[in-house]
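The values are calculated or read from the model by the stated rules, or taken from the named source; none is laboratory data. These figures come from a predicted structure and were not determined experimentally. Note that each Cβ is placed from the backbone with ideal geometry, even for glycine, and that neighbours are counted across all protein chains shown.
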Amino acid sequence: MCGIVGYVGTRQAGNVLLDGLKRLEYRGYDSAGMVVASPDGQISIRRSVGKLAGLETLFQQEPLVGQVGIGHTRWATHGKPSEENAHPHQDCTGRIVVVHNGIIENYPALKSHLIKNGHTFRSQTDTEVVAHLIEEKWVPLKEKNRAAGADEFLSVVREVLLQLEGSYALGILCMDLPDMIIGARKNSPLVLGVGENENIFASDIPAILPLTRDAIFLDEGEIVVLSKSGYRVLRLDGQVMEKPIKRVTWDAVMAEKAGYRHFMLKEIHEQPQSIEDTLRGRLNLDEWQVYLEYVKMEPDVLKSFRKAVIIACGTSYHAGKVGKFLAEKWVKLPCEVDIASEFRYREPLLGPKDLIVAISQSGETADTIAAIRYARSCGAKVLSICNVVGSTIARESDGKIYTRCGPEIGVASTKAFTGQLTALYLLTLYGGLVRGGLDKQQTQTYLSQILLLPRYIREVLKREEEIAALAKKYFKSKNFLYLGRHMNYPIALEGALKLKEISYIHAEGYAAGEMKHGPIALIDESMPIVAIATKSCVYEKMISNIEEAKARGGIVIALATEGDQQIAEKADHVIYLPAMPEFLSPCVNVVPLQMLAYYIAVLRGCDVDQPRNLAKSVTVE
Ligand code: AGP
């Protein structure tokens with residue numbers, strides 16, 4: 001997620017922007033920049049790749065003078081991290097300067113229209129189209145009417161915003177109006193800080209706190225204009241809005257977590273949004289097509305594969321195990337799943353007809369990197385699913401799909417996991433369409449169901465209190481057993497991993513059908529058993545497993561489909577989930593297990609975001 005800070009007031013804008021951007025660093029970024037306008041209408045821009053220290057050095061070498069400016073930290077979603085892709089971006093004349101957070105879905109069409117009209121682009125970003133769209137309307141208007149001012153510019157901006165599809169939080173500055181900046185939001189947050197003779201807008205609260213605790217939260221489609229005379233909030237239709245000022249009581253650290261106690265809990269709650277962001281711009285609902293902008297594999301190449309091998313570690317490996325079902329069901333492609341550290345030493349038989357799918361949140365996991373290098377040395381093609389644009393695994397792949405989850409700060413992976421499953425749904429639907437495993441009608445059905453994922457997860461998040469209460473009952477347990485079948489067997493593994501890695505309780509995920517082959521000996525009244533028994537093709541089998549566990553004194557916590565009374569008679573506790581298509585159940589069923597692990601770990605006083613012995617990215621073997 002990018003960070004935006006805009007300022008108009010009595011201080012030197014550069015200092016305010018730099019401090020504000022530092023307070024947004026937790027959002028993750030790979031480049032940064034700022035623009036400052038001096039009273040005589042000169043604008044100065046500084047941009048740098050990497051950490052803010054680079055921007056700070058530039059700023060110290062050549063200080064920016066002016067009390068109006070906009071700053072930006074970029075988390076790349078389109079175009080690699082580089083100086084030319086760093087914000088702010090300008091139009092051809094250099095008079096219009098824009099920063100952006102979000103994804104402009106229709107930028108390809110807008111960009112080709114602008115290029116046809118003679119515009120030249122400097123970057124690969126979707127953002128730059130906004131500067132050129134404003135130029136296309138403002139420059140001729142200004143030439144015709146030298147007196148055109150803030151109101152005329154504002155109406156040009158409103159017209160341009162109406163052309164944008166997708167999500168944006170924007171900061172806009174025009175050289176002709178050096179004492180004014182405009183902020184706008186659609187599906188990407190922007191908050192206004194109201195100070196004494198100074199005002200600031202930002203992507204998130206921490207950036208405004210040094211100036212003020214008086215905040216105005218912009219609503220969807222609203223625009224804010226900051227100038228020396230104060231601020232105005234308008235709707236896209238131009239109507240001026242009277243907005244309540246709210247007093248922010250959070251301290252800066254709490255604000256980084258958006259008021260959540262831990263990043264992990266915040267990221268669990270971010271999952272509906274991160275899934276929407278991962279889906280955004282990749283489904284064509286008119287033609288029921290899937291667009292994967294960086295897969296870069298011709299249909300003939302995709303059709304030529306004889307097998308797929310998914311490789312990953314930890315949670316990402318569990319995502320891969322779900323992916324296997326989708327690959328064989330939809331793509332009709334034999335699919336193996338390997339732990340990366342095992343794959344690279346078993347000397348797998350690979351060649352140009354084999355597709356490797358590497359899954360990695362960080363894109364820097366040493367074993368996964370080594371595995372894809374081995375695979376490429378055998379001539380296999382590599383597709384990766386990563387959350388970090390420009391990461392090593394992404395760069396060394398023939399094609400990639402970026403999950404747009406924003407940085408995942410908690411060591412225990414949550415939103416990245418459901419983002420990976422979302423990317424796997426898209427990839428296997430795309431593969432199924434290309435290789436003929438799916439027809440249009442089936443694709444239409446599945447795509448319309450996938451779009452309901454965020455809603456299902458929002459439903460489950462409402463059960464937080466009930467899950468926290470369950471955690472209170474069992475947080476002193478010494479062992480847990482997680483049971484699942486079919487597509488939810490990987491979710492049993494993932495639920496167990498979540499619990500053990502943050503609460504340090506021993507937990508095992510097991511294929512429920514394997515109970516009789518050993519683990520049933522473990523069962524007694526001291527061991528809670530989490531059974532994933534939402535409606536599925538193996539539901540009856542799961543009911544039998546629950547009965548077997550109960551017969552031996554086990555305590556059963558069942559995940560079940562709402563309305564299922566039968567299970568309530570058998571399990572000790574039931575967490576109900578919405579009725580949903582079976583193929584989506586792994587992505588939804590994992591959420592209560594993430595929450596259960598979180599609340600148990602909190603009750604045990606563990607360091608939830610930074611569990612002992614663990615690193616967010618395992619960059620060594
Ligand atoms: C997940 O909760 C763990 N933090 C860990 O298993 C992680 O999934 C694994 O290290 C793989 O990381 P990657 O996705 O960045 O490659």
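Taking the conditions exactly as written (in a strand (DSSP E or B), in contact with a helix residue (DSSP H, G or I) (Cβ under 8 Å, 6 or more places away or on another chain) and surrounded by 16 or more Cβ atoms within 10 Å (Cβ to Cβ)), does residue 495 satisfy them or not?
When the stated conditions are applied, residue 495 does not pass them.
With the requirement that a residue be of a type in the set (Ser, Thr, Tyr), closer than 19 Å to residue 90 by Cβ and in contact (Cβ under 8 Å) with a residue 24 or more places away in the chain, what does region 8-54 give you?
Within region 8-54, 31, 38, 48 meet the criteria.
Pick from 139, 225: which is within 32 Å of the chain's Cα centre (by Cα) and crowded, with 16+ Cβ neighbours inside 10 Å?
225
Filtering region 489-535 down to residues that are among the hydroxyl-bearing types (Ser, Thr, Tyr) and more than 25 Å from residue 324 (Cα to Cα), which residue is farthest from the ligand (Cβ to nearest atom)?
526
Residue by residue, here is whether (1) under 28 Å from residue 598 (Cβ atoms); (2) touching a helix residue (DSSP H, G or I) at 6+ places or on another chain (Cβ under 8 Å) holds:
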site: 364; (1), (2): yes, yes
site: 370; (1), (2): no, yes
site: 378; (1), (2): no, no
site: 391; (1), (2): yes, no
site: 411; (1), (2): yes, yes
site: 415; (1), (2): yes, yes
site: 432; (1), (2): no, yes
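What residue, among those in region 594-621 that are among the basic types (Lys, Arg) and away from the ligand (no atom under 12 Å from the Cβ), is farthest from residue 468 (Cα to Cα)?
This residue is 612.
Report, by residue number, each residue of region 237-249 that is of a type outside the set (D, E, K, R) and either modelled with pLDDT of 95 or more or out of contact with any Asp or Glu (no Cβ under 9 Å at 6 or more places or on another chain) (or both).
Once the filter is applied, which keeps residues that are of a type outside the set (D, E, K, R) and either modelled with pLDDT of 95 or more or out of contact with any Asp or Glu (no Cβ under 9 Å at 6 or more places or on another chain) (or both), region 237-249 yields 238, 239, 240, 241, 244, 249.
In region 339-363, what count of residues is obtained for those that are surrounded by fewer than 19 Cβ atoms within 10 Å (Cβ to Cβ) and closer than 21 Å to residue 295 by Cβ?
Number satisfying all stated conditions: 3.
Among the residues of region 462-478, is any under 30 Å from residue 26 (Cα atoms) and within 15 Å of the ligand (Cβ to nearest atom)?
Within region 462-478 (the criterion being under 30 Å from residue 26 (Cα atoms) and within 15 Å of the ligand (Cβ to nearest atom)), the answer is no, since none of the residues qualifies.
Name every residue in region 179-198 that is more than 20 Å from the chain's Cα centre (by Cα), under 18 Å from residue 154 (Cα atoms) and not hydrophobic (A, V, I, L, M, F, W, C), in order of residue number.
179, 183
Looking only at helices (runs of 4 or more DSSP H) that fall completely inside region 95-208, which ones have 1 or more residues that are of a type in the set (Ser, Thr, Tyr)?
107-116, 150-161
Within region 517-548, how many residues turn out to be touching a residue at least 60 places away in the same chain (Cβ under 8 Å) and assigned to a helix (DSSP H, G or I)?
1
For region 572-621, give me the residue count where each residue is under 17 Å from residue 416 (Cα atoms), outside any loop (DSSP other than H, G, I, E, B) and of a type in the set (Ser, Thr, Tyr).
So the answer is 2.
Could you name every one of the helices (runs of 4 or more DSSP H) located completely within region 233-325 that has at least 2 residues being within 16 Å of the ligand (Cβ to nearest atom) and closer than 30 Å to residue 608 by Cα?
So the answer is 263-269, 271-279.
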